[in-house]
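Peer 1: Pasting a structure below so you can have a look.
The values are calculated or read from the model by the stated rules, or taken from the named source; none is laboratory data. Here the structure is a predicted model, which is why all the values come from computation and not from measurement. Note that each Cβ is placed from the backbone with ideal geometry, even for glycine, and that neighbours are counted across all protein chains shown. Please note that ligands, DNA and RNA were not included when accessible areas were found on the heavy atoms of the full protein model with its side chains. Shrake-Rupley method; radii C 1.70, N 1.55, O 1.52, S 1.80 Å.
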Amino acid sequence: AAGSSDALARLSHLTFDLSTLPSVRQAMGPARAAFAALSANNDLVPVRFDGVGGQALRAAKIPPDSLMQMALQLAQWRDQHKLVATYETATTRRFLHGRTETIRSCSIEVAAFVRAMDELGSTGSANARHKVAAPIALAKA
């Protein structure tokens, strides 16, 4: 904290002169168009779910954040029929020399859970219910 004011005093404004970099200027147009196309292809619809709250999930020993991570994995699976590497920020700042760490939410267990949930949604079979319950029981152990 004491040294931070010294560091701020040494900051200086950076000026970028793109007129001297024609290749960068030329790349900006297509980059803007690509970004606009990607943005137009995304939909975000916030949904409020009042059926189960954080307290009920914690009482069931299911962290709310874990539920959201599994929901994201399941949505990705149902939309693209593949799982992708994902990560979530985790902070250890409460510990000595704590910093930001990464939690990887795509694992073999998550893949099994997601596939079982997908099967459960399409068949509702007892076998699918068992496949869904097994990773949950393992995670709670």
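Peer 1: For R94 and L57 in one chain, what is 0.36 nm times their gap in residues minus the Cα-Cα distance, to one decimal in nm?
Peer 2: Contour length minus the Cα-Cα distance gives 10.9 nm.
Peer 1: Can you tell me which of Q55, Q73, Q26 moves the most in a GNM of the chain? Springs connect C-alpha atoms under 10 Å apart.
Peer 2: Of Q55, Q73, Q26, the most mobile in the Gaussian network model is Q26.
Peer 1: Just one of (1) 59, 43, 29; (2) 37, 34, 21; (3) 67, 45, 30 is Cα extents along the principal axes in Å as worked out from the coordinates here. Which one is it?
Peer 2: (3)
Peer 1: For region 54-122, what's the relative contact order in percent, using C-alpha pairs closer than 8 Å and at least 6 residues apart?
Peer 2: After rounding, I find 26 percent.
Peer 1: Over the chain, calculate the relative contact order: mean separation of alpha carbon pairs under 8 Å at least 6 apart, over the residue count, as a percent.
Peer 2: 13 percent
Peer 1: Could you size up the charge dipole of the chain around its Cα centre, putting +1 on the beta carbon of Lys and Arg and -1 on that of Asp and Glu, and report it in debye to the nearest 20?
Peer 2: Roughly 280 debye, rounded to the nearest 20.
Peer 1: I've got another one for you. Need one number: nm distance between label points at A27 and L44, each 7 Å from Cα along Cα→Cβ, rounded to one decimal.
Peer 2: In this crude spin-label approximation the distance works out to 2.7 nm.
Peer 1: Over the chain, with a Gaussian network built from C-alpha contacts below 10 Å, which listed residue (R58, R115, R48) shows the highest mean-square fluctuation?
Peer 2: With Cα springs under 10 Å in the chain, the top fluctuation among R58, R115, R48 is at R48.
Peer 1: Among G29, L14, G53, whose Cα lies farthest out toward the positive end of the dipole of the chain, if unit charges sit on the beta carbon of Lys, Arg (+1) and Asp, Glu (-1)?
Peer 2: G53
Peer 1: Can you work out the FRET efficiency for the pair D6 and M68, with r the C-beta to C-beta distance and R0 = 30 Å, to the nearest 0.05? Please report the intermediate quantities before stating the final value.
Peer 2: Working: r = 41 Å, r/R0 = 1.38.
So the FRET efficiency works out to roughly 0.15.
Peer 1: Rolling a 1.4 Å sphere over the protein heavy atoms, what is the accessible area per residue of the chain, to the nearest Å²?
Peer 2: I get 83 Å² per residue for this part.
Peer 1: Only sites in a loop by DSSP and with at most 15 other Cβ atoms within 10 Å count here; which chymotrypsin sites (Phe, Trp or Tyr not before Pro) in region 1-108 make the cut?
Peer 2: For chymotrypsin sites (Phe, Trp or Tyr not before Pro) across region 1-108 that sit outside H, G, I, E and B with at most 15 neighbouring Cβ atoms in 10 Å, the list reads F16, F49, F95.
Peer 1: Explain nothing, just the number: dipole magnitude of region 54-122 about its Cα centre with +1 on each Lys and Arg Cβ and -1 on each Asp and Glu Cβ, in debye rounded to the nearest 20.
Peer 2: I would put it at about 300 debye.
Peer 1: What is the percent carbon and sulfur in the accessible area of region 54-122, measuring with a 1.4 Å probe over the protein chains and ignoring ligands?
Peer 2: Roughly 57 percent, rounded to a whole number.
Peer 1: Most fluctuating residue of G98, G29, G53 in a GNM of the chain with Cα springs under 10 Å: which is it?
Peer 2: Per the Cα network of the chain with a 10 Å cutoff, G29 tops the list.
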